[in-house]
Amino acid sequence: MRLLGGAKTFKNYIGGEWVDADSGETFESTSPANGDMIGVFPKSGPADVERAVAVAKEAYEDWRLVPAPKRGEILFRFAQLLTEHKDNLTDLMTREMGKVRAEAGGDVQEAIDMSFYMAGEGRRMYGQTTPSELRDKFNMSVRMPIGVVGVITPWNFPIAIPSWKIAPALVAGNTIVFKPATDTPLLGERFVELLAEAGVPPGVVNIVHGGGGAVGDALVRSPDVPVITLTGSRETGVAVLKNAADGLKHVHLELGGKNAIIVLDDAKLDLAVDGIIWSAFGTSGQRCTAASRVIVQRGVYEQLKKRLVDAVERLQLGVGWEDETDIGPVINERALEKIHSYTEIGTGEGADLLTGGEVAGGDGLDKGFYYRPTVFGDVKPDMRIAQEEIFGPTTALIPVESFDEAIRVANGVQYGLSSSIFTQDVNTAFRAIRDLDTGITYINAGTTGAEVHLPFGGTKDTGNGHREAGQAALDVFTEWKSVYVDYSGKLQRAQIDNLDE
Ligand code: NAD
């Protein structure tokens, strides 16, 4: 494996070979923490996608016939390799993506967990058997692979998200053309390098670097790519869904969030503050599950506000690889500007800026993209800062009178990914589980912390009804086939010949 600081120019991986982009053009990946150069990558286009898709299509014909337990064993080796390289990948992630070491390690660990889990699916991949309504007839359903899967990922979980898609797609017998985000190409590259080292045959996994408009869109429109799995913004999801419509593709979308933590009067407030800090400011708020709203019952509003602001002001900004850093940079200048524009929107709307609200400088921070963790108070549920995904270290405190109002406010946004409630009352907790319209609900924990063996995804505009992780992931990457075996030796007509039995 190439080490950071060694070879700095990277290539696409197509058909088991490392190749430049057809155009010969390149782009750079730089660290959001301090501007350091991470590497130079091929700026690919439709011709490169076409080549990768052709290779993946050919490789599919053999890979689909490799017994699923054997495919699982390759994933098992991949998980072991990820484990061996965990420190190295963690360090690289603090540099290329910017998140702090503990969280970067968690990102890699998620991929390890997912790969071990999906390795096991190679020996399960359960279908169903049912009785037949006719004598001497056997019924079953089995999962079938689909073909070439186009994998398009964001930068915020640069090792975990590719694993959520690629591990289940592979174990099910599909082949892959992977386009990672242009902000984290080296992590994508190393992911594929380790897959190859684990024994994935040439052509089965291919990586094509480049932008969404050129590479991503070419994948979405390719007639030989029947499945597209995208994690990204709502806007990108809508474009991908439209562009894939003519091909009637399977499109799996994991999109934005506007997640809320509810804190009721009977909550343990210190626990709630810990949960809010972790969920709102971890990964600098750049998680799809980030808690960008905190809905607080009046009785504890002032207390919670004070404790939260005190805790936020103790958070240390800095480079992710230093142990004392609590919050790293945001991904790039555009993100910094967008986050700050929401501070201006919030103050303009009349929300009370309690802390933060500015680009951070000094102590070397000017070399990267750092934003002070920001808390708004007295936010009204219909303000833009309480409705739109900011994707940065900004959260909005919304006071409410009752549990019912809290649920109404929590549900009153276009997204439905994650939610959480802090309460000591078990009945209230179960009502919240029933009434919060999100794909994930936490009780007495923040909005983030999913485990790989349960379905992951959201309701409403967070997606289009699919789920990642757990067995649900296999639904995205397989087609059900129902099989009827008639061993009666005569014509038996379903719904007609069995009526007198
Ligand atoms: P993005 O939508 O800008 O980009 C995502 C990927 O799509 C990138 O690889 C990009 O190059 C590609 N892309 C862009 N336009 C495309 C097009 N027209 N056709 C094909 N591909 C295209 O998102 P981002 O800024 O990288 O990530 C942040 C977003 O991702 C946030 O909205 C966040 O909530 C969401 N996200 C969701 C989840 C989830 O599981 N629900 C997880 C992480 C991030």
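The values are calculated or read from the model by the stated rules, or taken from the named source; none is laboratory data. Predicted model only: the values in this text are computed from it and were never measured. Here the Cβ positions follow ideal geometry from the backbone for every residue, glycine too, while neighbour counts run over all protein chains shown. All accessible areas refer to the heavy atoms of the entire protein, side chains included, with ligands and DNA or RNA removed. Shrake-Rupley method; radii C 1.70, N 1.55, O 1.52, S 1.80 Å.
Between the alpha-carbon centers of the range 31-74 and the range 335-388, tell me the distance in whole angstrom. Going from one Cα centre to the other spans 38 Å.
Distance between the pseudo-spin-label points of LYS306 and GLU401 (7 Å out from Cα toward the beta carbon): 2.5 nm. If you bin all the Cα-Cα distances of the chain at 20 Å, starting from zero, the percentages per bin are 23, 51, 22, 3, 0. A 1.4 Å probe run over the range 298-412, with the rest of the protein chains in place, finds 45 Å² accessible per residue. Relative protection proxy for 389-397, 353-361, 209-217, from highest mean packing down: 389-397, 209-217, 353-361 (other beta-carbon atoms within 10 angstrom).
Taking a label point 7 Å from the Cα of GLU388 along the Cα→Cβ vector, which residues of the range 338-372 have an amide N closer than 13 Å to it? Answer for the range 338-372: 338-349. Subtracting the Cα-Cα distance of THR83 and GLU337 from their residue separation scaled by 0.36 nm leaves 87.8 nm.
Across the chain, the relative contact order, built from alpha-carbon pairs under 8 Å that are at least six residues apart, equals 18 percent. Between LYS70 and MET144, residue separation times 0.36 nm minus the direct Cα-Cα distance comes to 25.0 nm. Counting only DSSP H runs of at least 4 residues, each contributing -39500 (n - 2.57), and dividing by the residue count of the chain, the helix-based mean residue ellipticity at 222 nm comes to -11500 deg cm²/dmol.
Using alpha carbons only, the radius of gyration of the range 23-100 set against its Kirkwood radius gives Rg/Rh = 1.11. Taking 0.36 nm per residue of separation and subtracting the current Cα-Cα distance, fully stretching the chain between ASP378 and THR459 would add 26.4 nm. Share of carbon and sulfur in the accessible area of the chain stands at 49%, probe radius 1.4 Å. Angle of helix 46-63 to the longest C-alpha principal axis of the chain, folded into 0 to 90 degrees and rounded to 10: 50°. Taking 1.002 mPa s as the viscosity and 20 °C as the temperature, the Stokes-Einstein diffusion coefficient of the range 95-161 based on its alpha-carbon Kirkwood radius rounds to 136 µm²/s. Computed from Cα positions, the angle between helix 269-281 and the longest principal axis of the chain comes to roughly 70 degrees.
Each peptide among 80-90, 281-291, 376-386, 43-53 gets the average number of other Cβ atoms lying within 10 Å of its residues, and from highest to lowest they stand as 281-291, 43-53, 376-386, 80-90. Measuring between their Cα centroids, the range 212-252 and the range 118-194 lie 17 Å from each other. Remark: spin-label model distance SER233-GLU50 equals 3.0 nm, labels positioned 7 Å along the Cα→Cβ axis. Rounded to the nearest 10 degrees, the inclination of helix 234-245 to the longest alpha-carbon principal axis of the chain is 20 degrees. Going Cα to Cα from LYS137, which aspartates and glutamates come in below 15 Å? Please leave out same-chain ones fewer than 8 positions away. Those aspartates and glutamates meeting the cut-off are ASP486, ASP497, GLU501.
Modelled this way, with points 7 Å down the Cα-to-C-beta line, the labels at ARG408 and ARG434 are 1.9 nm from one another.
Annotation: peptides 178-185, 236-243, 477-484, ranked by per-residue average of other Cβ atoms within 10 Å with the highest first, follow the order 178-185, 236-243, 477-484. Need one number: % antiparallel among DSSP beta bridges in the chain, to the nearest 5. Bridges in the chain that DSSP calls antiparallel: roughly 40 percent.
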